[in-house]
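The values are calculated or read from the model by the stated rules, or taken from the named source; none is laboratory data. The model shown is predicted, which means the values in this text are computed figures rather than measured ones. No Cβ is skipped: glycine too gets one built from the backbone with ideal geometry, and neighbour counts run over all protein chains shown. The accessibility values were calculated without ligands, DNA or RNA, using every heavy atom of the protein model including side chains. Shrake-Rupley method; radii C 1.70, N 1.55, O 1.52, S 1.80 Å.
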Amino acid sequence: MNNPDPSFNAPKITVIGTGYLGAAQAICMAVMGFDVLGFDVDHRKIDQLRAGEVPFYEPGLPEKLQEALASGRLTFTTSLDAVAEFGDVHFICVGTPQAVNSSAANVSFVESAFTGLAARISRKALLVGKSTVPIGTAERLTGLVSDISPLGAELEVAWNPEFLREGFAVQDTLHPDRLVFGVASDWAEERLRLAFKPLLDDGTPLIVADLATAELVKVAANSFLATKISFINAMAEVCEATSADVSLLAAALSLDDRIGGRFLKPGLGFGGGCLPKDIRAFKHRADELGVGQAVSFLGEVDAINNRRRIRTVDLVRELAGGSLVGVRVAALGAAFKPNSDDVRDAPAMDVARMLYLEGATVSVYDPQANANAHRLYPDLNYVDTLEAAVEQADVVALLTEWEEFRRADPDYLGGMVRHRRVFDGRHALDAMGYKAKGWEYRALGRPHQPSTLAMGGTLRQKEAPSPTSGLPR
Ligand SMILES: NC(=O)c1ccc[n+]([C@@H]2O[C@H](COP(=O)([O-])OP(=O)(O)OC[C@H]3O[C@@H](n4cnc5c(N)ncnc54)[C@H](O)[C@@H]3O)[C@@H](O)[C@H]2O)c1
């Protein structure tokens, strides 16, 4: 895929916003053979990237950054004038966090990036939004851009929603499941086809749509995934009121080809910088559009997800004997999913904080996310190893299913704790293995004594997805 055909007129690419999405985009486009200029308002991030350092944890990305820098095709700047001068196709990848005091998306960073560029660009170019935005944003920005730009309507807006998963950013950027182009003209489509030529030549499926549909694809995909996760977690709630076992239920459901096992693993639920805020913003936007009823179920999807966090605290308290005051809890994991250092709306951090507020002494250990977690919740105690976390623990709580925690030997851990009690928030541990070593084992949606019925046959190989390994964004 490297070095596209020299005869093809490759557009010069800029990437505005070099966070989790934009850095991967800039680096991978340079690896694909394009000349790329990355820009961010955060000078520290730009200095790090220039120095060959990825500002966050993403497996495989540091190696790709080295490759891209060595090729001479990737450079970084903090000058928006330089960006305007350089690019033919500008990808806007800035954040759209949840607004303060509202469930709406804060699109002010997107607006500022579009208008800042529109005021500076003096030759025909394409502004492409990749950020996740409320439906109608692209159309509104089209008007704003043409009002501000010296080129008027010559400066076009397109939308190219992004589906990459943190932890798999390189794979997902270089080999996406599909591309979606939201365009208002043939010219915009043709520019995007050039910008993604290596991927299209590789056979990546493409959907060309209008701007609104492209915006909707992204929030609809995230809503579907969130709903699937909350569906099985709703079943876990029902299991908890009976003696049913949600693990076996999920295994049986997943063997139905119409349902499938991905995203059907019960546990502590979803989090991160996208899914929670995207479903809230979608619901908010649907209300504004007068179709709130159509997606009102997303409110329940969100509520089920949040109840899992509260139920987790209940189970840890139960394991501890009814009170958390003075109880030493080893909180294993802080990131919203393994292979990421992202702690935005992370279930693990929410749980750790609630345990702490109830009087527990919480030792948090995450293989990559301790620093980010500490910045967000400085009150908690962070330790640098699994051993330090479990030392003298009354309860061990697995909150993010890092491989290191899955692999840990229950007997080895048992030698360090004060009490052999484990809460498995991700259904990631070998329940029987722990019980055999004298641990009291609890998990969401499973009876106190987990069923010993085998999930036999080929099930374990065919369908045993990690609960959040595929979690998007
Ligand atoms: N993180 C993911 O895996 C992922 C996946 C798909 C879609 N998205 C969407 O992509 C967008 C970005 O998400 P992210 O996770 O990369 O966020 P992020 O917070 O990691 O990165 C955003 C970056 O934008 C920069 N920025 C803010 N305003 C700017 C401006 N005016 N000009 C230039 N840079 C500016 C910030 O400094 C930051 O570096 C969001 O809309 C998100 O929903 C993210």
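Is it fair to say Ser243 is modelled with pLDDT under 95, over 22 Å from the mean Cα position of the chain (by Cα) and not aromatic (Phe, Trp, Tyr)?
Considered against the rule, which asks whether it is modelled with pLDDT under 95, over 22 Å from the mean Cα position of the chain (by Cα) and not aromatic (Phe, Trp, Tyr), Ser243 comes out as yes.
With the structure loaded, tell me whether Cys28 is within 25 Å of the chain's Cα centre (by Cα), within 14 Å of the ligand (Cβ to nearest atom), under 22 Å from Asn372 (Cα atoms) and not hydroxyl-bearing (Ser, Thr, Tyr) or whether it fails that test. Can you show your working first?
Values: within 25 Å of the chain's Cα centre (by Cα): yes; within 14 Å of the ligand (Cβ to nearest atom): yes; under 22 Å from Asn372 (Cα atoms): no; not hydroxyl-bearing (Ser, Thr, Tyr): yes.
No: the conditions fail for Cys28.
Take the residues in region 305-320 that are open to solvent by less than 10 Å² (accessible area, probe 1.4 Å) and free of Cβ contacts under 8 Å to residues at least 60 places away in the same chain; name whichever of them is farthest from Asn381 (Cα to Cα).
Checked region 305-320; the qualifying residue farthest from Asn381 (Cα to Cα) is Arg309.
Residues checked against (1) open to solvent by 10 Å² or more (accessible area, probe 1.4 Å); (2) over 19 Å from Ala250 (Cα atoms):
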position	(1), (2)
Met354	yes, yes
Gly359	yes, yes
Val362	no, yes
Asp379	yes, yes
Glu387	yes, yes
Leu399	no, yes
Pro410	yes, yes
Met416	yes, yes
Pro447	yes, no
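How many residues, within region 321-342, are free of Cβ contacts under 8 Å to residues at least 60 places away in the same chain and open to solvent by less than 10 Å² (accessible area, probe 1.4 Å)? Working first, answer last.
Taking region 321-342 first, the residues free of Cβ contacts under 8 Å to residues at least 60 places away in the same chain are 321-326.
Imposing the further condition that a residue be open to solvent by less than 10 Å² (accessible area, probe 1.4 Å) reduces the set to 324.
Of the residues in region 321-342, 1 are free of Cβ contacts under 8 Å to residues at least 60 places away in the same chain and open to solvent by less than 10 Å² (accessible area, probe 1.4 Å).
Rundown of residues vs (1) open to solvent by less than 30 Å² (accessible area, probe 1.4 Å); (2) assigned to a helix (DSSP H, G or I), yes/no style:
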residue: Val54; (1), (2): yes, no
residue: Tyr57; (1), (2): no, no
residue: Lys64; (1), (2): no, yes
residue: Glu67; (1), (2): no, yes
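Could you grab me the full set of residues in region 418-442 that are under 29 Å from the mean Cα position of the chain (by Cα) and open to solvent by 70 Å² or more (accessible area, probe 1.4 Å)?
Result: Asp430, single match.
Looking at region 366-377, which of the residues that are modelled with pLDDT of 95 or more and part of a helix (DSSP H, G or I) is surrounded by the most Cβ atoms within 10 Å (Cβ to Cβ)? I'd like the intermediate steps shown before the answer.
Restricting attention to region 366-377, the residues satisfying the condition of being modelled with pLDDT of 95 or more are 366-375.
After this cut, where a residue has to be part of a helix (DSSP H, G or I) as well, the list is 370-375.
Values: Asn370: 19, Ala371: 14, Asn372: 21, Ala373: 26, His374: 16, Arg375: 9.
Among residues in region 366-377 that are modelled with pLDDT of 95 or more and part of a helix (DSSP H, G or I), the one surrounded by the most Cβ atoms within 10 Å (Cβ to Cβ) is Ala373.
Matching residues to (1) more than 19 Å from the chain's Cα centre (by Cα); (2) over 25 Å from Ala169 (Cβ atoms); (3) modelled with pLDDT of 95 or more:
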site: Leu65; (1), (2), (3): yes, no, yes
site: Leu69; (1), (2), (3): yes, no, yes
site: Leu74; (1), (2), (3): yes, no, yes
site: Val83; (1), (2), (3): yes, no, yes
site: Asn106; (1), (2), (3): no, no, yes
site: Leu117; (1), (2), (3): yes, no, yes
site: Leu126; (1), (2), (3): yes, no, yes
site: Pro134; (1), (2), (3): no, no, yes
site: Arg140; (1), (2), (3): yes, yes, yes
